[in-house]
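Scroll down for the structure; my scribbles are underneath it.
The values are calculated or read from the model by the stated rules, or taken from the named source; none is laboratory data. Computed from a predicted structure; not experimentally measured. As a convention, Cβ positions derive from the backbone with ideal geometry for all residues, glycine included, and neighbour counts pool all protein chains shown. We work out accessible area using only protein heavy atoms, side chains counted, and drop any ligands, DNA or RNA first. Shrake-Rupley method; radii C 1.70, N 1.55, O 1.52, S 1.80 Å.
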Amino acid sequence: MFKQLITESMSKSPWLFHINAGSCNGCDIEIVAVLTPRYDAERLGFKLAGSPRQADIVLVTGPVTKQSLPRVLRAISQVPEPRVIVTMGSCPQSGNVFRGSYSVAGPLSKYVDVDVDIAGCAPKPEAVIDGLAKAMGILAEKRAAMYKKDGKKAPAEPVQEVIAEEAPAAQAEVPVEAAQEGGEQ
Amino acid sequence: MTIITDALTYLAYILIFPGFLFCFLSGMLLCGIDRKLVARMQKRVGPPVLQPFYDFFKLLGKETIVPAAANKTVFLMAPLVGLAAQVVLQLFIPVFSFHAFRGVADVIVVLYLLLIPALSVILGAASSGSPYAGVGLSREMVTVLAVELPLVLVLLAVAKTVGNALGTGLCFSLTDIVRCQMENGSLITRLSMIPAAVAMLLIIPGETGSHPFDAAEAETEICEGMLAEYSGAPLAVYKLSHAVKLLTMTTLFTALFLGGIGGGVQQLVSGLAPSLAGGIAIVLEIIILFLLSVVLVAVTVSFTHAVTARLRIEQLFKFYWTVVTGLAAISVVLAWYGL
Ligand code: SF4
């Protein structure tokens, strides 16, 4: 019963940790909009946590620049399990208008498993709340899975390894993609 | 035989009422009501009143990370010590006519016990090896220092006034303070005690580290400060002892200044149903105590949270050592002249 109580609480009290990975600030402002009286995400139990250690949902905005990549991965690896990674805006999904820039190492899904993508530039507050609501469900599922498996998987190691391997590769790839996508944006 | 029944009674006091279970339920409920009220004051819908319970159980289900730089034993034990001290503290605060423990000078014990939760957070933060926690704990120490002086003066003023009424000089027994008020009317009705009561109201948000006075836990500038490295179950325990602290501070205010309400309850009950007086009175007293706590939290914590912005640490210190201490000192002087 106690375990069930915990699993149920998981989906009712998601604390957010927001990482700005080189965002243009548009998405960050929309996060603030989500917390305003008009949309009030706190009614679903959302709270902005000040420290990654206390967070359940990591909200990444921005195209993941080369400078921010190691820091983003480090911050994510500090979030205790179960955790859900949500990207906000088109930037961390595809690079958006910054795609092809020499300084962009994204998309984020190259380095970590992203659970929910919220598309838009910047996404509407409604879309953000919808995405976060999905994340809450995933959080409870992850907790249930964790309890079934009994053993927790080590969260930090895989993430850190990827940094070393993939970061140079990303560097090489970017110019090619940039050439293809140049006209589209 | 009496030893066994005594032991069982005390066990019930510690575990159920006014110990752990009561502290857990009413503290969390107070915390939830506070969040709801703040939200309503800001024209938001706000989280459900049961939100702190969800937060608590969720945190229990999360992974607990102990930083490599931390001293593991201290890091994990500090929250438990803080919570234990907080609950013991609640045992010393009488619920109008009911009291679990009583002593000749429990006001002094209360003063010491109030420090332990703050010290435990400081200890835990210091052992976590995080620079953010370092900044937070230095601020917390300043906050504790700032709040302590006016608190001592308030308690002194109350002790002197009650001592005068009982003819014993200074009265440092909370039970006697409450009993005296039940016979002679609440202390807040005396003009000389009003400054002390206002000072105490201002001490509540400082002591509980709520909004204008939360420089030590500033989540926007120093990553939750002292709690920066805490996650999972230890964090849940900290959140719980913070919630209990709300309850403790407001019930302490009730015991010090509004004790006279207990006399009214007793009269009312014995007038209505003399045969059942004892049982009904205690239930009614608990309910009234909780409602008073809600009102006090609404006035001191929620309202100030909704209308103010965070003070810098030196502003906080200055505020407590001038305005609040001044108010308390006025009451002490008036009490000493027997007003
Ligand atoms: S998605 Fe648009 S608004 Fe958001 S960070 Fe990228 S460019 Fe800015």
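Tabulated data
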item: Index of the failed condition, A:Leu108 passing every other in (1) crowded, with 18+ Cβ neighbours inside 10 Å; (2) within 14 Å of chain B (Cβ to nearest Cβ); (3) within 14 Å of the chain's Cα centre (by Cα); result: (2)
item: Helices (runs of 4 or more DSSP H) contained in segment B:222-339 and holding at least 3 residues open to solvent by less than 30 Å² (accessible area, probe 1.4 Å) and modelled with pLDDT of 80 or more; result: B:232-257, B:325-336
item: Pair list, Cβ under 7 Å, 6 or more apart: segment B:112-130 residue within 15 Å of B:Ser241 (Cα to Cα) and in contact (Cβ under 8 Å) with a residue 60 or more places away in the chain, other residue among the aromatic types (Phe, Trp, Tyr) and open to solvent by less than 10 Å² (accessible area, probe 1.4 Å); result: B:Gly124/B:Phe75
item: Residue within segment B:21-35 that is in contact with a Cys (Cβ under 7 Å, 6 or more places away or on another chain) and closer than 28 Å to B:Ala281 by Cα present; result: no
item: Entirely in segment A:1-91, the helices (runs of 4 or more DSSP H) that have 3 or more residues that are open to solvent by less than 20 Å² (accessible area, probe 1.4 Å) and away from the ligand (no atom under 16 Å from the Cβ); result: A:2-10, A:69-77
item: Matching residues, segment A:92-123, being in contact with a Ser or Thr (Cβ under 7 Å, 6 or more places away or on another chain), within 12 Å of the ligand (Cβ to nearest atom) and in a loop (DSSP other than H, G, I, E, B); result: A:Pro107, A:Ala119, A:Gly120, A:Cys121
item: Candidate set from segment B:100-139 (those that are under 24 Å from B:Thr73 (Cβ atoms) and aromatic (Phe, Trp, Tyr)); member that is most open to solvent (accessible area, probe 1.4 Å); result: B:Tyr112
item: Among (1) over 13 Å from the mean Cα position of the chain (by Cα); (2) within 12 Å of chain B (Cβ to nearest Cβ), the one test that A:Lys66 misses; result: (2)
item: From the options B:Val142, B:Val152, B:Val87, residue that is modelled with pLDDT of 85 or more and in contact with a Cys (Cβ under 6 Å, 6 or more places away or on another chain); result: B:Val87
item: Pair list, Cβ under 6 Å, 6 or more apart: segment A:20-33 residue under 10 Å from A:Pro123 (Cβ atoms), other residue within 9 Å of the ligand (Cβ to nearest atom) and open to solvent by less than 50 Å² (accessible area, probe 1.4 Å); result: A:Gly26/A:Ala122; A:Cys27/A:Thr61; A:Cys27/A:Met88; A:Cys27/A:Gly89; A:Cys27/A:Ala122; A:Glu30/A:Ala122
item: Per-region count, segment B:14-51, residues closer than 30 Å to A:Met146 by Cα, crowded, with 20+ Cβ neighbours inside 10 Å and facing chain A (nearest Cβ under 9 Å); result: 2
item: Cβ pairs under 9 Å, 6+ apart, first in segment A:81-108 and aromatic (Phe, Trp, Tyr), second part of a loop (DSSP other than H, G, I, E, B); result: A:Phe98/A:Gly22; A:Phe98/A:Cys24; A:Phe98/A:Gly62; A:Phe98/A:Pro63; A:Phe98/A:Gly106; A:Tyr102/A:Lys66
item: Boolean, B:Ile188 is hydrophobic (A, V, I, L, M, F, W, C), touching a residue at least 60 places away in the same chain (Cβ under 8 Å) and surrounded by 23 or more Cβ atoms within 10 Å (Cβ to Cβ); result: no
